[in-house]
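All of the numbers you see were taken from the coordinates with simple rules; none came from a lab. Predicted, not measured: the structure shown is a model, and the values here were computed from it. Heads up, the Cβs are rebuilt from the backbone with ideal geometry, glycines too, and the neighbour counts pull from every protein chain shown.
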Amino acid sequence: MKKQTTTLLRTSIFRSHPPRVFVVACLALAMISTLPAAIYTLKNNVQVEGSPGKIGGIGETPLAASNTGGEVGTKLVHFADDGIRRTFFSEYQVLNFVNSPPENLERISLNQRVATIGKRLAAVGPILNITPLDEFGRRLVSMQSSRGALHIVQGLTEVNPRYATLESVVTNNSIIWKTRIATSSIPTSVLSRILKNHLDMNNPDDRLKIVRLYMQCERYQDAMFELQSAIEQFPELANLKQQIVQLRQALAERLISEIESRQTAGQHARVYKWLSNFPSEGVAVETLLRARDLLKDYDDQAAMRNKILLAFDRLLAKLEDEATRQSIQPIRKEIRGQLNINTIARMADFNRLADDTDLGPDSRLALAISGWLMGQGEVTENLAVAISLFAVRNEVRNYLQSTNALQRVEILERLNELEGSTPANVAKLLAAMKPTLVTVTNGPAEESVVGEPANNNEQDQQQDPLHHVFEITGPSGAPFVFHVQLPPDYDPYRKYPCIVSLHGAGGTPEKQIDWWAGTYNKQTDLRLGQASRHGYIVIAPAWTKPYQNKYEYSAQEHGKVLYALQNSFKRFSIDTDRVFLSGHSIGGDAVWDIALAHPDLWAGVLPIAATAGKYVGRYWQNAKHVSFYFVGGEMDGNRLAQNMQDFNRYLTKFGYDTMIVEYKGRGHDHFQDDIHFMFDWMRTHRRSFSPKTIKCTTMRPWDNFFWWVELDGMPSTFITLPLQWPRKAARDALLEAEIGINNRIRVKSPAKIITVYLNPDIVDFQENVSLNLSGKTQNEPIVPNLEVMLEDVRTRGDRLNPFWAKVTLSR
């Protein structure tokens, strides 16, 4: 609908102004239509659009690439060029390919004194500073070069809905450099000022160029304002007033789409407020009906909540036993206080049968209580068991919160005496319960919010009620800090996707939070970035040492990232199957290595301006188990050459879900332009927790846990520590594991001790389990163990995927 509306508006405006303008527009569109375009649909459900091409591998210039015909057998790397970036992906990942119609983009040329004589910039060095675009579309870029700071003045030479072109302008020492940035990254206030300084605002044709540009950018409010101003200035454009109505309708549709997106992200309070104040003037009836239906759904759920609570109280009053009624009071209090739009589905069975007189009051109350505690469809009609589940859940919480081993033994003994404390029930309780570690503002070091802010930026962060800073003990015993940003309307009963973000050299966790979630606005009490918009939790650990400028591939660095993640699992409601790892610069180097070392943790990994080093080249097979989305700059020194071997492994071999995005004319950048594409990519990815086959390489003692296999006692011949790199004749240890039919599990590794963790997704506990661990065999029943389950959740923090049993065999 959005594309149809935009096309209609564009066509109407072309037809409404003088014929000369229409001819010019048609000429421009004809030029654009000669460019080939295609839409690729990949097996990961991502769509990539742009001018297509194929190359033999990264390092071969795309400009010399063939199109989709010819030499198909030798060219396994596809790319799509959308003008600002090239996206590379494997032939093996292509699900579908169709030619797309040419895009009729509005292109506005801006007159600048472009440098055509001078030295051509060969590489973009580390950026020191970039000034904002001034009113004439110029900015000063300062970068580090081999001779010190290099300053280049750039001017905006073209703007279209997708990107803006910047070229170096004439100076005393002109340097030729052309780059592009996303038009969406330029605020309307800045873009409007630039356009009005370059175009003739007394020419209706130029005024309408701005309108069309804003329309194609989907900045409908701005397009409407510009069109109204143009009509007021030029009465002969009065026949375009109808377009204002259509723009208002497009704006309403955009608002509805945003509302539905926020609803999907769980921001129900915000959505309800927007729906309650949805504009009606000039909005189509069908759009208003969509808004009213959405609002009615909320009102219906509120009414359902009241109905459920009344039915619960009515049935509770019918119980004859006073002791039973009293034992249910704490449960009633919890349900009344916490039943909301995110939890009401748990009461579906109770709501359906609340008036069923074939069931006694006790059975119906049991449906409500067990549904509340274990989730929709996980119910019992036995009231005694349902009440017992409440006690089981509370003891499980006590166990997970305890830091005392003896206390945990006592809790476990009490649990084993409770009815309903089976591993199957406890697994359901774990998935449905709130996070176990209470977030406090004061207390022991491992649970305290950092008090004194280090700078003004951190002070601003502390004023954000959804921003938390924690200090915990790291792998070396020394404390370190990590930041957590929660999305709007955060509810501990809802599971949220999560991004772990690592800063680059000289960066800070606060900057990573700002990059993903946006800066905190005191006036609106909001962050307006994409993580906030899409409902993601962002974790940013302070993972480096002071003044560190290189990634060291160390246990301390790995530990800080993993400890921060595990601690966050205990504090916040994170969907552990939708955790993404990302980093900038040396943070990108780190996430590349950490992802390959611990591939079982991530739904996907997004290294930004990253370089392959040390273990990355030896662990390349591990990349088959984790999805990668690389972002880099075309002119980032020799980084592409350094990464070429690993990139080509991922792109030319079967089974690797890898995309590589290269921005034209850009160097070692932050690439905020790409954030919308990143969220599109993340939306389609989810971790597979129990893969049937595992084939991974390890060379460090702490890279020893892979999904359901743990390795210990690795012979020294297979260990190479970072400080030993490059070790002569270094060997890597290969782990091969397979879940076969009929409860057969095979694991092969040179490790002296192998532990296999099991759950119902891996084996059927009703049958014998046949284990072959590096030649040692075992074929006997394996019984789920509550202590194993609770210890697993206490240490890993993953309440959604607990292991039920484990078997350890030694050589």
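Relative contact order for the chain using alpha-carbon pairs under 8 Å, separation at least 6, rounded to a whole percent?
10
Quick check: from the Cα gyration tensor, does region 612-675 come out rounded (a/c under 1.5), prolate or oblate?
prolate
Which of rounded, prolate, oblate describes the chain, given a ≥ b ≥ c as roots of the alpha-carbon gyration tensor eigenvalues and a/c under 1.5 marking rounded, otherwise prolate only if a/b is larger than b/c? Intermediate values should be presented prior to the final figure.
Details: a/c = 2.01, a/b = 1.33, b/c = 1.51.
Oblate shape, in that a/c is at least 1.5 and b/c is the bigger or equal ratio.
Apply the Debye scattering formula to region 108-198, with a single equal point scatterer on each alpha-carbon and no solvent, then give log10 I(q)/I(0) at q = 0.10, 0.12, 0.18 Å⁻¹.
Treating every Cα as an identical point scatterer, log10 I(q)/I(0) equals -0.25, -0.35, -0.78.
Could you put Cys498, Cys696 in order, starting from the residue whose Cβ has the fewest other Cβ atoms within 10 Å? Each step should come with its number before you reach the end.
On the way: Cys498 24, Cys696 27.
Ascending Cβ contact count within 10 Å gives the list Cys498, Cys696.
Which is the longest part of the chain that has none of the GluC sites (Glu not before Pro) sitting in a DSSP loop with at most 12 other Cβ atoms within 10 Å?
On the way: sites that count: Glu71, Glu135, Glu281, Glu320, Glu767.
Value returned for the longest uninterrupted segment is 321-766.
For region 706-810, what does the convex hull of the Cα positions come to per residue, in cubic angstrom?
Working: hull volume 12.2 nm³, N = 105.
For region 706-810, the hull spanned by Cα atoms encloses 116 Å³ per residue.
I'd like the distance separating the alpha-carbon centroids of region 293-330 and region 182-227, in whole Å.
For region 293-330 versus region 182-227, the Cα centre distance is 55 Å.
Assuming a ≥ b ≥ c are the square roots of the Cα gyration tensor eigenvalues, decide whether region 325-445 counts as rounded (a/c under 1.5), prolate (otherwise, with a/b larger than b/c) or oblate.
Numbers: a/c = 2.36, a/b = 1.61, b/c = 1.47.
Since a/c reaches 1.5 and a/b is larger than b/c, the shape of region 325-445 is classed as prolate.
Please report how far the C-alpha centroid of region 40-58 lies from that of region 752-804, rounded to the nearest whole angstrom.
Each part's Cα centre sits 40 Å from the other's.
Filter the trypsin sites (Lys or Arg not before Pro) in region 698-802 down to the DSSP loop ones having no more than 11 other Cβ atoms within 10 Å, then list what survives.
On the way: sites: Arg727, Lys728, Arg731, Arg744, Arg746, Lys748, Lys752, Lys776, Arg794, Arg796, Arg799; in loops: Arg727, Lys728, Arg731, Lys752, Arg799.
Listed in order of number, the matching sites are Lys728.
Would you kindly work out the equivalent ellipsoid of region 456-598 from its C-alpha gyration tensor and give its semi-axes, the square roots of five times the eigenvalues, largest first in whole Å? Walk me through the numbers on the way to the answer.
On the way: eigenvalues 109, 57, 38 Å².
Ellipsoid semi-axes (Å, largest first): 23, 17, 14.
Applying the Karplus parametrisation 6.51 cos²θ - 1.76 cosθ + 1.60 with θ = phi - 60° to the phi angles of region 77-84, what ³J(HN,Hα) value in whole Hz is obtained for each residue in order, glycine and proline being reported as x?
10, 8, 9, 10, 10, 9, x, 9
As a quick test, which of the pairs Lys43/Lys653; Lys692/Lys748; Lys495/Lys614; Lys119/Lys178; Lys428/Lys748 have an alpha carbon distance above 24 angstrom in this structure? Can you show the working numbers first?
Values: Lys43/Lys653 15 Å; Lys692/Lys748 14 Å; Lys495/Lys614 36 Å; Lys119/Lys178 12 Å; Lys428/Lys748 32 Å.
Lys495/Lys614; Lys428/Lys748, as the Cα separations exceed 24 Å there.
Tell me, what ³J(HN,Hα) does each residue in region 333-342 have, in order and in whole Hz, if you take phi through Karplus 6.51 cos²θ - 1.76 cosθ + 1.60 with θ = phi - 60° and put x for Gly and Pro?
Rounded to whole hertz, the list is 4, 5, 5, 4, x, 10, 6, 8, 4, 7.
Taking the Cα centre as origin and putting +1 on Lys and Arg beta-carbons and -1 on Asp and Glu beta-carbons, what dipole magnitude results for the chain, to the nearest 20 debye?
Values: 91 positive and 88 negative charges, 402 e Å.
Here the size comes out at about 1940 debye.
Give me the dipole magnitude in Debye, nearest 20, for region 706-810 about the Cα centre, with unit charges on the beta carbon: positive for Lys and Arg, negative for Asp and Glu. Numbers along the way, then the final one.
Details: 12 positive and 13 negative charges, 117 e Å.
Dipole size: approximately 560 debye.
Would you list which aspartates and glutamates come within 17 Å of Lys776, measuring only between C-alpha atoms, while excluding same-chain residues fewer than 8 positions from it?
Glu710, Asp712, Glu736, Glu738
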